[in-house]
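S.K.: Quick one: structure below, then a few questions.
The values are calculated or read from the model by the stated rules, or taken from the named source; none is laboratory data. None of these values were measured; they are calculated from a predicted model. All Cβ positions, even for glycine, are placed from backbone atoms using ideal geometry, and neighbour counts span all protein chains on display. The protein model used for the area step is the full one, side chains on, heavy atoms only, and it has no ligands, DNA or RNA in it. Shrake-Rupley method; radii C 1.70, N 1.55, O 1.52, S 1.80 Å.
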Amino acid sequence: MTAHYWYPEGLPVLGAVTVHGRTGPQITHAGIPLIGATPSRLDEAMFQHIENHDLGLLFTPSGSPIPPGLQFDINATRAGDTAISEVTFASADWEL
């Protein structure tokens, strides 16, 4: 994991945490594993969840689908010859 800080008044404030795809830990949203998944399968699972529950659709800055109200970005990282997901979870005032 990597912690991301910002310094609004000269003191560090935790703004976001990235959970790395190769080392975890595993985190789920609505039963969907977010860490270490193939990006296309994760996107498919998120689309299905959003559609099944009529949640509305937003896209992260990297282009992954998420329901409104979540403050995270799904990214892909290399794992050998394939890519797996990793996620950055951010506070409400952190700009993704």
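S.K.: Those residues that are crowded, with 17+ Cβ neighbours inside 10 Å and either farther than 12 Å from V87 by Cβ or among the β-branched types (V, I, T) (or both), I need them from the stretch 22-42; list them, please.
M.R.: Selection gives I35 alone.
S.K.: Among the residues of the stretch 52-59, is any over 10 Å from the mean Cα position of the chain (by Cα), assigned to a strand (DSSP E or B) and touching a residue at least 24 places away in the same chain (Cβ under 8 Å)?
M.R.: Within the stretch 52-59, not a single residue is over 10 Å from the mean Cα position of the chain (by Cα), assigned to a strand (DSSP E or B) and touching a residue at least 24 places away in the same chain (Cβ under 8 Å).
S.K.: Another question, if that's okay. Does any residue of the stretch 81-90 turn out to be in contact with a strand residue (DSSP E or B) (Cβ under 8 Å, 6 or more places away or on another chain), among the charged types (D, E, K, R), within 30 Å of P12 (Cβ to Cβ) and modelled with pLDDT under 95? Walk me through how you get there before you give the answer.
M.R.: Here is the first cut: in the stretch 81-90, the ones in contact with a strand residue (DSSP E or B) (Cβ under 8 Å, 6 or more places away or on another chain) are 83-90.
After this cut, where a residue has to be among the charged types (D, E, K, R) as well, the list is 86.
Next, from what is left, pick out any that are within 30 Å of P12 (Cβ to Cβ): 86.
In the following step, the residues that additionally are modelled with pLDDT under 95 were identified as none.
Looking through the stretch 81-90, none of the residues is in contact with a strand residue (DSSP E or B) (Cβ under 8 Å, 6 or more places away or on another chain), among the charged types (D, E, K, R), within 30 Å of P12 (Cβ to Cβ) and modelled with pLDDT under 95.
S.K.: Name the residues in the stretch 54-96 that are among the hydrophobic types (A, V, I, L, M, F, W, C) and open to solvent by less than 50 Å² (accessible area, probe 1.4 Å), would you?
M.R.: Filtering the stretch 54-96 down to residues among the hydrophobic types (A, V, I, L, M, F, W, C) leaves 55, 57-59, 66, 70, 72, 74, 76, 79, 83-84, 87, 89-90, 92, 94, 96.
Once the filter is applied, which keeps residues that are among the hydrophobic types (A, V, I, L, M, F, W, C) and open to solvent by less than 50 Å² (accessible area, probe 1.4 Å), the stretch 54-96 yields I66, L70, F72, I74, A79, A83, I84, V87, A90.
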